[in-house]
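Any read-out appearing in this document is the output of simple, stated calculations on the displayed coordinates, not a laboratory observation. Note that this is a predicted model, so its numbers are computed, not measured. Here the Cβ is made from the backbone with ideal geometry for all residues, glycine too, and neighbour counts use every protein chain on show.
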Amino acid sequence: MRSVLRLVPAAAVACALAAPTAAQASPYNTAVLADSPQEYYQLNETSGTVAADAAGHVAGAYAGGALLAAQAPFSDAGTAVNLDTAGTVTASPLPAAHSIELWVKPAVNNVQQSIATYGTPGAGGWTIGTTSKKKLVFRTDANNTRSRMSLPTNAWTMVLVTWSSNKVRFYTNGGAQAKLVTMQGSAPSADNDQLVVGDGPLGHFKGTVDEVALFSFELSKGQFAAEFAASHYPVNVTPPTVTAPSPPHPGDVLIGTPGTWNPSIGLTFTYQWSRCDVNGDCADIDGATSTSYTVTDADVGQQLQLTETGTNVYGNSTGALSDPTDFVPGVPVAPGTGGDGGTGPTVGDGGSPATTGDTTGSSSTTTAGTSGTESPIVLGADVSSAQCGRLTALPKPKRVRMGKFTATLRLTAGLNGKSPFKLSLKAPKGKMKSVTYRLDGTVLRHPRKSPFSASIRSAGLKPGAHTLRIKLSPRTGKARTVTMRLQLGGC
């Protein structure tokens, strides 16, 4: 992310000069107003029930025990509002927005909560909040669109969520974390409805909020970064990276490389390794606070991720996340089973030193998803003894973009322990050249014609986690690899 210097147009300066006095309090306020918010609640009041709109449109109201004059996220922000005791900030009616940004400081762990809600999320409205694992989430049409991005407890984070007709973008701290996710359910359609900060369908928010702004358009990452820079928090330019085997096994040593920051001097850094499950929910690993980490048996079935936190001389901190590693396999991979022709010095999925797998192969093989990776999908829950060899939960068909067309992967469960699981792929006629299915590093099948199917006999699988890698090779364009996870219990 580049950023920090930006010129403010003369028209925006004139707008700021015409705004209420409170709107001119800091470079941060000026930066937000320059981006033309439709409402902007600085939450600087120390008494009363009115929350002024610095954009001059619709005033808000404090209710339910909102505690004013709380400590703000940075020195130029004035004050904030604590909502621990059922407090809210409301405004009604407001036109429909396509972006909301605010500073937020959650006070509790392990509880889902709504940070801000517009209208009724099940009937055209939306809410942003956190899951019980501190993950930022957008909810509309009674569906959660998950970011897999964490909001730390008892620390300030600047959050931006924007949405279009079918996509949601999540950002924190000027873009230190950024995710583009396909929207689950229908896009918000409510208009001229009420905004409630501090409550919603995910539960009441316990924590502190500040600097709430709504925009009628999708605020860009560059605009968000410029606003964040005006707060004088450290800005992460490139995130930390992790060098690790693919996949890592217990005993392997992971090496973290620090990211780059603005300013590049005057910061102190701390590090924390986390384990992340198939849903993207992560938990810190006790004592894992250096730039290296040795994989243990406790990491089996999990991804590993490094958080780098930069703190300036004012005590303001920004966290940045590395990309997660591959999942640590739960079942040993037989040696000497190679991939599909990768070339390189690093051993791939189950490959021997003489035979490398597709994790080190041609650059035309990429994994679908952000930054070339995609978190596995849970194909099934643990099976009980009464349902030995049968999946108790099935995923929805998995759609994979293949350039100009979409392919759909589907799993069908066996009826009993003797019936196989069946994998199949549907794609437009003539578009796919071949599909390669691997289970725990071993090629199951390499079909070259529709329906590109393969079977897995559950009776031959040991209890535990199994990794499926499906390489999709189109007739034109780049190949993609999708990773899935099959979980079986004991019988």
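Here are some notes:
- Estimated at 0.36 nm per residue, the fully extended path between Thr46 and Leu180 surpasses their Cα-Cα distance by 44.5 nm.
- By other beta-carbon atoms within 10 Å, ranking Asp35, Asp53 with the fewest at the front produces Asp35, Asp53.
- Label point distance in nm, Ser216-Lys422, each placed 7 Å from Cα along Cα→Cβ: 5.4
- Remark: the Asp252-Asn110 segment gains 48.1 nm on full extension, using 0.36 nm per residue and subtracting the alpha carbon distance.
- Normalised Debye scattering of the stretch 10-229 at q = 0.12, 0.15 Å⁻¹ gives log10 I(q)/I(0) of -0.55, -0.90, counting only Cα atoms as equal scatterers and leaving out solvent.
- Two-site label geometry, Thr270 and Leu67: point separation in nm, points 7 Å out along Cα→Cβ: 2.3
- Which listed pairs, of Lys133/Lys221; Lys135/Lys431; Lys221/Lys404; Lys133/Lys471, have C-alpha distances above 28 Å, in listed order: Lys135/Lys431; Lys133/Lys471
- Set of aspartates and glutamates with alpha-carbon distance to Lys398 below 14 Å, sequence-local pairs under 8 removed: Glu374
- Fully extended contour minus Cα-Cα distance, from Thr291 to Thr408, at 0.36 nm per residue: 38.2 nm
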